[in-house]
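Inspection log for the structure reproduced underneath, given as structure tokens.
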């Protein structure tokens, strides 16, 4: 199968279950909402070694937010038992300190909910209030008052949807990956947690050549420099560089839509020779996103 001039390999992206919370960050200006969102999604690229996976979902207009101010929604992905700690840490350490910022729950209808206990920061000077029909707290701070929710919802989601952008050299492959990530950015219900949405060092489950255990190691089957040196190389002939775009989402439909949108944009650059996907024979998770099915 081809899309444009790129061959779509007959393979699939393997993904796994996760839990997702959405935090709507508002501020007096779009710039400060974005700065707080960037800070709150730091060190959250991969569950391999980060405490969670997180990223910016999309920008909210003032009429979409509880307090009528500009907003940015972020998604935080983690195991359910760790979600409270991750949300509480990022709200308290990244959003509360950001000038004019507030945090609100993005899944108010979720059945599973937890409290961050943010009001304790007020040292008994805090007081309850209602913003946009939501129970919130006003906490006195040096700039005036921090206002936000402390109860958040969490829902079941999916992590690890992906596709691979392959080209003759690094420059062409990166241009394709950048176009793909740009097309996905802002789509509802999905995030790309890695820097710029792109992974230059994709990994495989575990390791083979060291005696001590590791959760992940370089995906040697997709390393162009190892083509011809290892028996199980998956690098097509003529490919000199590969970039991976990893997508987490609230459901399968959102991830499929994002994958299709990203692939189409990457291929339009004209220099992408192949599109593939990462999978590990079912060792990572139960979800399979077949590349060919995206375009049927």
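The values are calculated or read from the model by the stated rules, or taken from the named source; none is laboratory data. Everything quoted here is computed from the prediction, not taken from an experiment. Positions of Cβ are generated from backbone atoms using ideal geometry, with glycine treated the same way; all protein chains shown enter the neighbour counts.
A few comments on the model shown:
- Residue match in the stretch 218-231 (condition: within 23 Å of residue 17 (Cα to Cα) and assigned to a strand (DSSP E or B)): yes
- Yes/no for residue 56 being free of Cβ contacts under 8 Å to residues at least 60 places away in the same chain, assigned to a strand (DSSP E or B) and at negative phi: no
- Residue 176 vs. criteria more than 25 Å from residue 106 (Cβ to Cβ) and crowded, with 20+ Cβ neighbours inside 10 Å: yes
- The set of residues from the stretch 231-276 being at pLDDT 95 or above and over 24 Å from the mean Cα position of the chain (by Cα) comprises 233, 234, 235, 236, 237, 238, 239, 240, 270, 273.
- Listed by position, the strands (runs of 3 or more DSSP E) contained in the stretch 89-149 that have at least 2 residues being under 23 Å from residue 35 (Cβ atoms) and modelled with pLDDT of 95 or more are 102-105, 134-141, 144-148.
- In the stretch 7-53, of all residues being in a loop (DSSP other than H, G, I, E, B) and not assigned by TED's automatic domain parsing to the domain that holds residue 113, the one that is nearest to the chain's Cα centre (by Cα) corresponds to 11.
- For the residues 241, 258, 216, the requirement of being within 17 Å of residue 170 (Cα to Cα) and touching a residue at least 60 places away in the same chain (Cβ under 8 Å) singles out 241.
- Test: residue in the stretch 201-212 that is closer than 27 Å to residue 34 by Cβ and either touching a residue at least 24 places away in the same chain (Cβ under 8 Å) or outside any loop (DSSP other than H, G, I, E, B) (or both): no
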